[in-house]
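Here the structure comes first, spelled out in structure tokens, and everything after it is commentary.
Throughout, read-outs are computed from the coordinates displayed, never taken from laboratory work. Worth saying up front: this structure is predicted, and the values here are computed from it rather than measured. Ideal geometry is used to build each Cβ from the backbone, glycine not excepted, and the neighbour counts take in all protein chains shown.
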Amino acid sequence: MAPARYKGAHGGRGSAKSHFFAGLLIDDHLVDRGIRSVCIREVQKNLKESAKRLLEIKIQEFGLGEKDGFKIFNEVIQTPGDGLILFQGMQDHNSESIKSLEGCSRAWIEEAQTLSSRSLSLLRPTIRAPGSEIWASWNPRRKTDPIDVLLRGDSLPTGAIVVRSNWNNNPYFPAELEQERLDCLRLEPDQYAYIWEGDYITVSSGAYYAKHLALARAELRIGKIALDPIMRFWAFWDIGGTGAKADACAIWICQFIGKEIRFLNYYEAQGQDLATHLNWMRNNGYADAEIVLPHDGAQSDKLYGVTYEGEVRKAGFSVRIIDNQGAGAAMGRVEASRKLFNNMWFDEVKCAGGLDALGWYHEKKDEVRGIGLGPNHDWASHAADAFGMVAISVDILNRKRKEHRRPEVVSGWMG
């Protein structure tokens, strides 16, 4: 294979990506005698989680052994010309310890979808030997995963070779896996594209809204959604904290048309100020939208002595606050949303980020006791919390039907 600083292979199960790189690594150590390589994972608690066993199998398949310079030890594999293959977990490294890898000519990142941005930024400048290469094999999860941003983003590193490889590209795809694939297509159709075709994950197994999203797609309620120029826009926010300086924000833009709830747009930001969020609304035509904030929008910031609600009103927007729902509020939002999901329609393009989050939002598990601990608080939480507010607000908003019309078409409307 031609030299390249970056080589990547992404795809679904059964594509032999790991087998390809394992064979390529052994081949490189035969050709470039004396080089050092490292097999990388984000977390590696023991060598059973590494590529070491696969490399041992490849050495045997190629008919190689000690007479050829390959010696297998507990922690490393020695290769011809006093070369070496190491196995490392990036989570164990810092800016000082990573220097131990500077002499490596090959770095193969396994399960690269789990590699953190921190780990990738540590690794890239460390692998600097002349002619060195960084390889990655992975089953994609999300577009925002660091490896996807690097090797599948809008601008690839110079000379990078990145391919998609799936089960149908594997000439040795076994009959046993073919049956697994067909069963998945029949029994878990919402997971099939992610597991077998290497698509980005849209629904996490066990996610609260997995079945609802799959049904919405089947019924074509996720697609191109038209807005109604007469009806009011509603902007449901999660602010990820208290006070006007809260720096996490998720916004769903909705209209209520009869019994339909139309989700027209989605916005999220981290580390941006309130003005940025409000400017997004103005720039996208939602300056007259009614903003609905969670209860903490009315709480005063201890440092600045202002509220999110007050600052939003000061900026010229109409606001209402949804009362604290008390204990179990998160699950209450989930149940309310599930009940109304058949009435929901989504713009597939403008709401893509929000739909990704809803497909991921799932329960946190106590692995020891096997019980659920409520919604898992992760990257999807803000989108899911704002989404859930739509459902619990429906009864409140339906009390005054005229509020569904935009203010310029409702005489005397005061907010």
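Observations on the structure shown:
- Region 121-140: number of residues that are surrounded by 17 or more Cβ atoms within 10 Å (Cβ to Cβ) and within 20 Å of the chain's Cα centre (by Cα): 5
- Filter result for the condition that a residue is among the hydroxyl-bearing types (Ser, Thr, Tyr) and surrounded by 15 or more Cβ atoms within 10 Å (Cβ to Cβ), over 97, 18: 18
- Residues located in region 58-77, provided they are assigned to a loop (DSSP other than H, G, I, E, B) and surrounded by fewer than 17 Cβ atoms within 10 Å (Cβ to Cβ): 62, 63, 65, 73, 74, 75, 76
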